[in-house]
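What follows is a set of notes on a single structure, which appears directly below.
The values are calculated or read from the model by the stated rules, or taken from the named source; none is laboratory data. Because the structure is predicted, anything quoted here is derived from the model rather than measured. Note: ideal-geometry Cβ built from the backbone for every residue, glycine included; neighbour counts use all protein chains shown. Only protein heavy atoms, including side chains, enter the accessible area calculation; ligands, DNA and RNA are left aside. Shrake-Rupley method; radii C 1.70, N 1.55, O 1.52, S 1.80 Å.
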Amino acid sequence: KKIALIKEGNILPRWELPAYVGSRNSIFTSDHLKGRIVLIDFWIRGCGYCMESFAHLKKLQKRYGSQILIVSINASDPLSDVVFFYKRENPAYLMLYNGHDLAKQLGVDSHGYPTVLILDKTGKIMYSGNFDNQKIENLLSTALQN
């Protein structure tokens with residue numbers, strides 16, 4: 001049964017996923033998001049739009065630095081694919097993997113990829129939907145002014 005994409009105004013359930021950080025792995029939990037403006041990008045290997053979103057994520061990270069936390073979550077591919085894209089992209093943001101269950105729980109897999117969630121500092125979802133660069137820029141800018 002397909003689940004609808006989590007709606008704006010909701011709070012994410014608690015979760016933890018492995019993070020690939022260069023040559024090692026670590027665990028990242030939703031507790032790390034508290035008190036931060038967060039952009040979560042769900043992606044998969046076979047998605048052209050997902051590949052395009054990497055460049056936008058890098059620009060956002062460069063523009064906003066530590067003012068926002070960007071978390072890229074691969075929803076279904078093996079670690080070897082995540083490692084390949086990590087090495088190719090050399091992201092300054094977090095790249096997590098094994099996100100299939102979380103994506104399914106949030107309705108991401110029925111919505112399509114890439115799917116973006118933006119959270120305010122209280123953890124409330126400000127945006128859930130497609131990777132719309134202009135909309136994302138506007139939301140982040142507004143959130144940082146509050």
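In table form, for the structure just shown:
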quantity	calculated
Any hit, the stretch 96-110, residues being of a type in the set (Gly, Ala, Ser) and over 20 Å from Leu17 (Cα atoms)	yes
Total residues in the stretch 2-32, condition farther than 18 Å from Pro91 by Cα and either in a strand (DSSP E or B) or out of contact with any Ser or Thr (no Cβ under 9 Å at 6 or more places or on another chain) (or both)	7
Count of residues meeting criterion [closer than 20 Å to His32 by Cα and either modelled with pLDDT of 95 or more or open to solvent by less than 40 Å² (accessible area, probe 1.4 Å) (or both)] in the stretch 79-99	7
Answer from Ser72, Ser76 - the residue that is touching a helix residue (DSSP H, G or I) at 6+ places or on another chain (Cβ under 7 Å), buried (at least 18 other Cβ atoms within 10 Å of the Cβ) and either among the β-branched types (Val, Ile, Thr) or modelled with pLDDT under 95 (or both)	Ser76
Every residue from the stretch 61-79 that is under 19 Å from Ile118 (Cα atoms), not aliphatic (A, V, I, L, M) and not in a helix (DSSP H, G or I)	Ser72, Asn74
Qualifying residue in the stretch 22-31 (condition: free of Cβ contacts under 8 Å to residues at least 24 places away in the same chain, open to solvent by 80 Å² or more (accessible area, probe 1.4 Å) and under 30 Å from Gln145 (Cα atoms))	no
Selection status of Thr142, in a loop (DSSP other than H, G, I, E, B) and either at pLDDT below 95 or closer than 16 Å to Arg36 by Cβ (or both)	no
Pairs, first surrounded by fewer than 19 Cβ atoms within 10 Å (Cβ to Cβ) in the stretch 105-117, second among the basic types (Lys, Arg), C-beta under 7 Å, six or more apart	Ser110/Lys2
Test: residue in the stretch 47-60 that is in a helix (DSSP H, G or I), touching a Leu at 6+ places or on another chain (Cβ under 6 Å) and touching a residue at least 12 places away in the same chain (Cβ under 8 Å)	no
